[in-house]
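A.B. asks: Sharing a structure, written as structure tokens. Questions coming.
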Amino acid sequence: MSRIENESGFLSSDAASVGSEDDLKVDLKSDVKKTNGLAAKEDHLKSMRNAYESIIQHVGEDIHRQGLLKTPERAAKAMMAFTKGYDEQLDELLNEAVFDEDHDEMVIVKDIEMFSLCEHHLVPFMGKVHIGYIPNKKVLGLSKLARIVEMFSRRLQVQERLTKQIATAMVQAVQPSGVAVVIEASHMCMVMRGVQKINASTTTSCMLGVFRDDPKTREEFLNLINKR
């Protein structure tokens with residue numbers, strides 16, 4: 001946008017008008033994008049509702065029974081909530097919560113509650129996530145670690161990939177000297193079906209940077225997350 005000034009050095013009304021027109025165009029584009037996004041979500045919701053109706057009928061139930069009348073819509077909305085992570089991006093999630101800080105000692109946030117959907121059977125797995133990192137002149141707002149966990153867990157997942165995605169996101173966010181992520185979870189696909197082992201749990205880890213290269217750093221992290 002060109003700068004238009006009058007003799008006193010202040011922006012003229014013509015310049016203000018140009019600025020207002022540009023702002024209006026941006027607002028209109030944003031409104032159109034939001035409208036299109038809402039319309040797409042409504043289409044997805046309708047298609048998913050129809051799919052759930054079909055599933056309920058195929059298991060032998062009466063879709064018109066009172067208790068099931070609104071179940072397809074409820075299930076569709078629930079599934080959209082369970083998978084909302086597909087609509088989120090790391091840069092938007094961080095929201096400038098990266099701060100310059102001369103701190104180079106280990107930072108750990110542990111026992112972050114997590115649930116996700118197994119992509120193999122579409123049943124839940126749930127547990128806790130422990131994240132540690134060693135800053136390299138930058139630190140991340142603590143709540144953002146939990147939000148990173150939620151963004152990736154609210155997708156169809158396997159625990160192994162989820163663990164690595166969280167670690168990789170931390171590297172992308174603050175370029176630390178090292179990152180460690182451990183997830184402990186119980187999988188309903190092992191509890192409700194198949195081998196049906198109620199007490200079985202699965203632990204996965206991803207160690208990057210100094211956590212992978214230095215056994216003492218890795219041991220310190222593991223000792224701290226296991227300390228109760």
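The values are calculated or read from the model by the stated rules, or taken from the named source; none is laboratory data. Just so we're clear, the structure is a prediction, and the values are computed from it rather than from any experiment. Using ideal geometry, Cβ is built from the backbone for each residue, glycine included, and neighbour counts are taken over all protein chains shown. These area figures cover heavy atoms from the full protein model, side chains too; ligands, DNA and RNA do not enter into them. Shrake-Rupley method; radii C 1.70, N 1.55, O 1.52, S 1.80 Å.
A.B. asks: Any idea which of 158, 141, 190 is furthest toward the positive side of the dipole for segment 86-217, if Lys and Arg beta-carbons carry +1 and Asp and Glu beta-carbons -1?
C.D. replies: After comparing all options, I get 190.
A.B. asks: Place a +1 charge on the Cβ of each Lys and Arg in segment 91-226 and a -1 charge on the Cβ of each Asp and Glu, then give the dipole magnitude about the Cα centre in debye, rounded to the nearest 20. All intermediate terms of the calculation are to be shown ahead of the outcome.
C.D. replies: Values: 15 positive and 18 negative charges, 137 e Å.
In total the dipole reaches around 660 debye.
A.B. asks: Additional query: Count charges around residue 161 for me, please; just the other residues with Cβ under 12 Å from its Cβ, Lys/Arg as +1, Asp/Glu as -1. Don't skip to the answer; put the middle values down first.
C.D. replies: On the way: positive: 155, 164; negative: 119, 160.
Summing Lys and Arg as +1 and Asp and Glu as -1 gives 0.
A.B. asks: Go through 53-61, 139-147 and give me the packing order, highest mean Cβ count within 10 Å leading. Could the numbers behind the result be given before it?
C.D. replies: On the way: 53-61: 11.7, 139-147: 16.8.
Highest mean packing first, the order is 139-147, 53-61.
A.B. asks: Follow-up question, since we're still on this one. Rounded to the nearest 20 debye, what is the charge dipole size of segment 38-85 about its Cα centre when +1 sits on each Lys and Arg Cβ and -1 on each Asp and Glu Cβ? Can you show the working numbers first?
C.D. replies: Values: 8 positive and 6 negative charges, 45 e Å.
In total the dipole reaches around 220 debye.
A.B. asks: Which value, in debye to the nearest 20, gives the size of the charge dipole of segment 166-228 about its Cα centre, when Lys and Arg are +1 and Asp and Glu are -1 at the Cβ?
C.D. replies: Numbers: 7 positive and 5 negative charges, 56 e Å.
The calculation lands at about 260 debye.
A.B. asks: Rounded to the nearest 10 Å², what accessible area does residue 86 have for a 1.4 Å probe in the complete protein model?
C.D. replies: That residue has around 120 Å² of solvent-accessible surface.
A.B. asks: Continuing with the same structure: With 20 Å as the limit, write out which pairs from 84/144; 41/128; 110/164; 137/227; 46/77 have Cα-Cα distances beyond it, or answer none.
C.D. replies: Values: 84/144 17 Å; 41/128 30 Å; 110/164 16 Å; 137/227 27 Å; 46/77 10 Å.
Violating the 20 Å limit, Cα to Cα: 41/128; 137/227.
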